[in-house]
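Trainee: Got a structure for you, questions after.
Read-outs throughout are calculated quantities, based only on the coordinates presented, and are distinct from any laboratory measurement. Everything quoted here is computed from the prediction, not taken from an experiment. So basically every Cβ, Gly included, is an ideal-geometry build from the backbone, and we count neighbours across all protein chains shown.
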Amino acid sequence: MDRKVDVAVIGGGPAGLAAALKAHEAGARQVLVMERDSYPGGILQQCIHNGFGLHYFGEELTGPEYAQRFVDQVEHTDGIEVMLDTMVLSVSPDRVVTAVGKAGLITVQAGAVVLAMGCRERTRGALGIAGTRPAGVYTAGCAQRLVNMEGMMPGRRVVVLGSGDIGLIMARRMVWEGAKVEMVCELMPYSSGLNRNIVQCLEDNGIPLYFNTTVVEIHGQERVEGVTVAEVDPATRAPKMETARFVPCDTLLLSVGLIPENELTKGTGADMDPVTSGAVVDAARQTTAEGIFACGNVLHVHDLVDNVSREAAIAGENAAKYALGKLNKAETVRVMAQGGVRYVVPQRLVKGEGKAELYFRVGAAFKPARLTISCAERVLVSKKKLVMTPGEMEKAEIDLSQVDGDVTVRVEEG
Amino acid sequence: MKKEFVCIACPVGCRLTVWDEGGEVKVAGNTCPRGKAYGVQEFTAPMRTVTSSAPVKHGDQAMCSVKTDAPVPKDKVPDVLRAIRMIQIKAPVKVGECVLRDVAGTGANVVATRRVRDKKR
Ligand SMILES: Cc1cc2nc3c(=O)[nH]c(=O)nc-3n(C[C@H](O)[C@H](O)[C@H](O)COP(=O)(O)OP(=O)(O)OC[C@H]3O[C@@H](n4cnc5c(N)ncnc54)[C@H](O)[C@@H]3O)c2cc1C
Ligand code: SF4
């Protein structure tokens, strides 16, 4: 063993940095953050648009500014060390972290581990679009990094597939850097992106958005020469080939979803949630692998980094407690998604005192929506909301003293 | 002339109709006062904050992200972007440091949104 630390944090994005700060504040003396990139800050470094931090800092910041606030704090905290250019290869169930960095292979025995590896983008392979394999097909996030951080333009004439926020933001970015964006295609009948982005990214720049539409084929030998787009049947999502048309372009940007980066998590033996693709955690954000915690996009995909920071603080605080022997093992009950609810985090709760916040997402839009949280016959929360959409994470607080068995979270029309 | 907007102040996305009635701007379709304020602003003087990035000389990064420190009129956005493309930033830069004053005559300054240090490090 090369060294021992109280808390090891894997990933130096907003989740990892916030977790490290809170772990230190909660009494962990030696906190080690391991980050494979040459700079801390994670994906926020490339998200140069604004709209971050309204909830957490009460002001509107760009991604890099939001990240820098945490970087500054970490740099001013003696007990936290950030190891850059360090790729973590494995985390064992007994919390031995193996990584490769500037100094070669290292192993660290951690009192507790916080997993904060973020997520990666789904790629074309995961989608299976037909056609050739020319250059010019990028994930939107990859293009974002190229344009915003490397100063390179991936192309001049662009089609964007997917109308989530990253796709919308990149459509505007490409126009602002002088490219022509022909269209944004969305498979679903709605966008999961914010209205604000539809207005300010697409409408402001005259970019058309086509719903129930997808890319069925990519053309070109060396370089993309165009794509075939077609409408899909709203019920089956199958392309209607009679609507197919050729759209000339040299670049296709894919913004088709994010997947938590959980290869390391699986190696710890922690139970996984098939819906979130992240680990199963309790309210302390502890996985079923003891002493191993998770937060941020590696746990479930967040749309607001503000929520990432809050979740990371919970994980960091409890990781410190565990490392100091102050987090006792306790029996848990399950939290179950019902009706329109797709998933709930945390998936487990420890009975007892205090409050717990439940974060959840619906699988389809509800206008208006009725939320009911219950434990057996007892209703813990019942409230109405004007609208709930799949793109927006919802939150509700419950009183743990009311919990003596499994909890269900349910959303219905009404 | 009546104009239609989607309110962006919250996820509900109310469809607003905004028009001028004898010098007074009227808004319909909003569910709450924030929608009215948004409608009036978009109708009379739409404003946008511009974010972009600019090349850095001698930095440990190729590019430095920047923004306007105040929203600028929407129709000035292309001029602002053009001016930002001409900026040459010299490392080191701190977050919030001004890299271009009064961009395109808007009164707003362009400021750095990330830290870039000297190359040698
Ligand atoms: C392309 C893209 C654009 C986004 N745009 C927005 C946006 O506009 N607004 C918004 O609110 N949210 C956006 N998000 C979501 C955003 O990721 C989260 O808000 C936030 O950055 C998540 O923080 P995180 O720390 O969990 O993950 P990340 O920021 O992804 O950080 C994870 C870090 O872990 C490191 N890492 C991973 N594996 C290892 C390993 N094995 N060893 C060492 N280090 C490792 C990574 O290098 C990275 O630095 C975007 C996400 C993506 C992918
Ligand atoms: S008018 Fe009010 S309720 Fe409607 S979208 Fe705007 S802020 Fe939301």
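Trainee: Of all DSSP beta bridges located in chain A, what percent are antiparallel, nearest 5?
Mentor: 60 percent
Trainee: Related question: Cα-based Rg of the protein assembly as shown per 2.2 N^0.38 Å, rounded to two decimals?
Mentor: Ratio of Cα Rg to 2.2 N^0.38 Å: 1.01.
Trainee: What are the chymotrypsin sites (Phe, Trp or Tyr not before Pro) within region A:105-194 that DSSP puts in a loop, where the Cβ has at most 16 other Cβ atoms within 10 Å?
Mentor: Taking region A:105-194 and a limit of 16 other Cβ atoms within 10 Å, the loop chymotrypsin sites (Phe, Trp or Tyr not before Pro) found are A:Tyr190.
Trainee: Put +1 on the Cβ of each Lys and Arg and -1 on the Cβ of each Asp and Glu in the protein assembly as shown; which of A:Thr213, A:Leu252, B:Cys64 then has its Cα farthest toward the positive end of the dipole?
Mentor: B:Cys64
Trainee: Let me ask another. If you take the Cα atoms of chain B, find Rg, then find the Kirkwood Rh from the mean of 1/r over all pairs, what is Rg/Rh?
Mentor: Rounded to two decimals, Rg/Rh equals 1.15.
Trainee: Okay, moving on. In Å, what Rg and Dmax follow from the Cα atoms of region B:3-44?
Mentor: Rg and Dmax of region B:3-44, Cα atoms, are 9.3, 32 Å.
Trainee: Further, regarding this structure: Could you pull out the GluC sites (Glu not before Pro) across region A:255-362 that fall in loop regions by DSSP (anything but H, G, I, E, B) with no more than 12 other Cβ atoms inside 10 Å?
Mentor: In loop regions of region A:255-362 (DSSP not H, G, I, E or B), the sparsely surrounded GluC sites (Glu not before Pro) are A:Glu331, A:Glu353.
Trainee: Return the average number of partner chain Cβ atoms within 10 angstrom of each residue Cβ along peptide B:59-70.
Mentor: Whole-number average of other-chain Cβ neighbours for B:59-70 is 4.
Trainee: What pairs in A:Lys4/A:Lys395; A:Lys329/A:Lys383; A:Lys22/B:Lys57; A:Lys355/B:Lys94; B:Lys67/B:Lys119; A:Lys385/B:Lys76 have C-alpha atoms more than 31 Å from each other?
Mentor: Result: A:Lys4/A:Lys395; A:Lys329/A:Lys383; A:Lys22/B:Lys57; A:Lys355/B:Lys94; A:Lys385/B:Lys76 exceed 31 Å.
Trainee: Only helical DSSP H runs with n ≥ 4 go in: add -39500 (n - 2.57) per run for chain A, normalise by residue count and round the 222 nm mean residue ellipticity to 500 deg cm²/dmol.
Mentor: Here the helix-only value at 222 nm equals -5000 deg cm²/dmol.
Trainee: Taking the Cα centre of region B:51-112 as origin and charging only Cβ (+1 Lys, Arg; -1 Asp, Glu), how large is the dipole, in debye to the nearest 20?
Mentor: 100 debye
Trainee: Let me ask you something else. At q = 0.16 Å⁻¹, what base-10 log of I(q)/I(0) does the Debye formula yield for region A:334-409 when every alpha carbon is treated as an equal point scatterer in vacuo?
Mentor: -0.52
Trainee: Which trypsin sites (Lys or Arg not before Pro) in region B:1-110 sit in a loop by DSSP (not H, G, I, E or B) and have at most 10 other Cβ atoms within 10 Å of their own Cβ?
Mentor: Those that pass, being in a loop and sparsely packed, are B:Lys2, B:Arg101.
Trainee: If amide H atoms are built 1.01 Å from N in the plane of the peptide, which residues on other chains or at least 5 residues away come under 5 Å of the amide H of A:Phe293?
Mentor: Amide H neighbours of A:Phe293: A:Val113, A:Val114, A:Leu115, A:Thr287.
Trainee: Then there is this: Quick check on region A:1-145: what are the equivalent-ellipsoid semi-axes from the Cα gyration tensor, as sqrt(5λ), descending, whole Å?
Mentor: 29, 22, 12
Trainee: Counting only other chains, what is the mean number of Cβ atoms within 10 angstrom of the Cβ of each residue in peptide A:194-204?
Mentor: Counting other chains' Cβ atoms within 10 Å and averaging over A:194-204 gives 4.
Trainee: Taking neighbour Cβ counts within 10 Å as the exposure measure, how do A:Phe211, A:Phe366, A:Phe293, A:Phe70 sort from fewest upward?
Mentor: Going from least to most buried by this count: A:Phe211, A:Phe366, A:Phe70, A:Phe293.
Trainee: Relative to the longest principal Cα axis of chain B, at what angle does helix B:33-44 sit, 0 to 90 degrees, rounded to 10?
Mentor: Between the helix axis and the principal axis of chain B, the angle is about 70 degrees.
Trainee: Tell me, what is the percent relative contact order of chain A, built from C-alpha pairs under 8 Å that lie six or more residues apart?
Mentor: Contact order relative to length: 16 percent.
Trainee: Same structure again: Taking the Cα centre of each part, how many Å lie between region B:98-121 and region A:5-38?
Mentor: Spelled out, the Cα-based centre of one part sits 30 Å from the other.
Trainee: For region A:122-210, what Kirkwood radius comes out of the mean inverse Cα-Cα distance, in Å?
Mentor: About 13.4 Å, per the Kirkwood formula over Cα pairs.
Trainee: Mind checking the dipole of region A:147-260: about its Cα centre, +1 per Lys or Arg Cβ, -1 per Asp or Glu Cβ, Debye to the nearest 20?
Mentor: 120 debye
Trainee: Here's a follow-up. If I build a Gaussian network model for chain B, linking alpha-carbon pairs within less than 10 angstrom, which residue out of B:Gly96, B:Gly23, B:Gly105 has the largest mean-square fluctuation?
Mentor: In the Gaussian network model the winner is B:Gly23.
Trainee: For Cα pairs less than 8 Å apart in space and 6+ apart in sequence, what is the mean separation divided by the residue count of region A:331-414, i.e. the relative contact order in percent?
Mentor: It rounds to 40 percent for region A:331-414.
Trainee: Below 8 Å between Cα atoms, with a sequence gap of 6+, how large is the relative contact order for region A:36-99 in percent?
Mentor: With pairs under 8 Å counted, the relative contact order is 31 percent.
Trainee: How well do other chains shield peptide A:38-47, expressed as the mean number of their Cβ atoms within 10 Å of each residue Cβ?
Mentor: 2
Trainee: Where does region A:1-41 land on Rg(C-alpha)/(2.2 N^0.38 Å)?
Mentor: For region A:1-41, the normalised Cα radius of gyration comes out at 1.14.
Trainee: GNM on chain B, C-alpha springs below 10 Å: top fluctuator among B:Glu97, B:Glu21, B:Glu42?
Mentor: Result: B:Glu21 has the largest fluctuation of those listed.
Trainee: Using a Gaussian network for chain A with springs between C-alpha atoms less than 10 Å apart, which of these wobbles most: A:Val224, A:Val298, A:Val158?
Mentor: A:Val224
Trainee: What dipole magnitude, in Debye to the nearest 20, does region B:3-44 give about its Cα centre under +1 on Lys/Arg Cβ and -1 on Asp/Glu Cβ?
Mentor: 180 debye
Trainee: Taking other Cβ within 10 Å of each residue's Cβ, how do A:Tyr56, A:Tyr66 sort, fewest first?
Mentor: Exposure proxy ranking, most exposed first: A:Tyr56, A:Tyr66.
Trainee: Neighbour counts of other C-beta atoms within 10 Å: give me A:Thr372, B:Thr49, A:Thr139 arranged from fewest to most.
Mentor: Starting with the residue having the fewest Cβ neighbours, the order is A:Thr372, B:Thr49, A:Thr139.
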